[in-house]
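Here's the structure we're looking at; comments come further down.
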Amino acid sequence: MFGVVTRNREECTWPEFDLAFYESKDVSGRSTEPISGAINMISCFGDNAAAESSPELVPRNREGELATRERPYFDWAYICPTHEGYREGLLEMVSEAAEANADVRLDDVGFPRQEYCYCERCNRLFEESEFDDRFAWRASVITDFIADASARIPGTTYLTLYPDPYPGHLYERAGLDIEAVEPYVDEFVIPLYDMAYSTTYWLETIASGFETLLDTPFSVELYAVDLDLDNLIHAAEVAEAYGEDVFFGYDAANAQAALRRMRADSREGKSYGPDSA
C-alpha cells in the first residue's frame, strides 16, 4: 500500500492514497484536534515550543548543555522522557487520538542521543532504580512509555524509528530496546529522507538492515517535497521491495503524481482482447 504523511486534513482523503497519517502534534509543538479520517501522528519527545517556554523540560548532558536546535546534530528541541507531567500529557493525547481513529503513530520516541540525559531528575531516578547500567535504565524508561501508550491504542500501533539499523545503535542512541518494544508495536516506520534520491543504493542498504533487525513488519517513509518525479518513483520502487508499505512525506501533490504515473506504467502493455490469455 501507499500512503501520505501530511499536516493538511483535506489531503488525507485523496483517493490515490491507501492510508494517511495526519500530524496532530509535530516537532514545532503545534497541536491540533485529531481526526477520524486518518492515522493521527504524535511527535512525542520532540517539541520546540515546550522547550522554549520551559527549559527545565529539556534533556541535559554531563556538561549541562541542552538538547535544543542550537546544539549540533539536532533539527528540533527535545523533552526529557522522564518528566512525569509531560509524559502524562502525551498519553492523554494518545488516548484522544485513539478515540478519533483506532490506529495511532508514535513519532520521536526516545532520548535525544547517547549523552543524554543527566538532569537532576534523571540522575535521581537512575540512582533509585534497580539498574547499574545507565543505558539499560534509559531503555526501561522508553519501553515503559511505549507500553503505556500502546495500551491506549485499540488498533494498530505504529512507531517511527531513527534510520540506523546497525546493531546496538538505536539502543545506545535513543534508549530503544527493539526486542523489548516489539511486543507493543504492530508496525515500525523508517523515514529514509533525501532531497534528491539521485542514487538509491543507500536506501536499499538501510532498508535491508532493518529487514534483518526487525521481526515486526516495517514500512518506509520517503520525502516527497520538490523532488524529480522519476527519482521519487524509483525510490518508491526500491522501498516497496523491502517495506510493508511506502509513505510519502509532506508533498501530497507530488506523491499523488508519482502514484498516478506508477499505476499508469503498470497498466501499459496489457491487452484485454480475446487473444490475451
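At a glance:
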read-out: Angle between the chain longest axis and helix 229-240 axis [Cα atoms, degrees, rounded to 10]; value: 70
read-out: Simple spin-label estimate for S28 and E130 in nanometres, 7 Å along Cα-Cβ; value: 4.4
read-out: Distant-in-sequence amide H partners of F248 (H built 1.01 Å from N, under 5 Å); value: G3, V4, V5, L222
read-out: Amide H contacts of F218 (H built 1.01 Å from N, under 5 Å, at least 5 apart or other chain); value: F188, E244
read-out: Antiparallel content of DSSP bridges confined to the stretch 2-267, in %, to 5; value: 10
read-out: Cα gyration tensor of the chain - equivalent ellipsoid semi-axes, whole Å, descending; value: 36, 20, 18
read-out: Residue-averaged [θ]222 nm for the chain, counting only DSSP H segments that reach four residues, each worth -39500 (n - 2.57); value: -11000 deg cm²/dmol
read-out: C-alpha long axis of helix 252-267 to longest principal axis of the chain, angle in °; value: 40
read-out: Potential extension, E96-L229 segment - 0.36 nm per residue separation minus Cα distance; value: 44.2 nm
read-out: Principal-axis tilt of helix 201-213 within the chain, Cα atoms, nearest 10 degrees; value: 60
read-out: At most 15 other Cβ within 10 Å, DSSP loop - GluC sites (Glu not before Pro), the stretch 108-161; value: E115, E130
read-out: Those chymotrypsin sites (Phe, Trp or Tyr not before Pro) in the stretch 1-100 that DSSP places in a loop and that have at most 11 other beta carbons within 10 Å; value: Y73
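The numbers here are math on the coordinates, done by the rules we state, and not lab data. What you see is a predicted model, and the numbers here were worked out from it, not measured in a lab. All Cβ positions, even for glycine, are placed from backbone atoms using ideal geometry, and neighbour counts span all protein chains on display.
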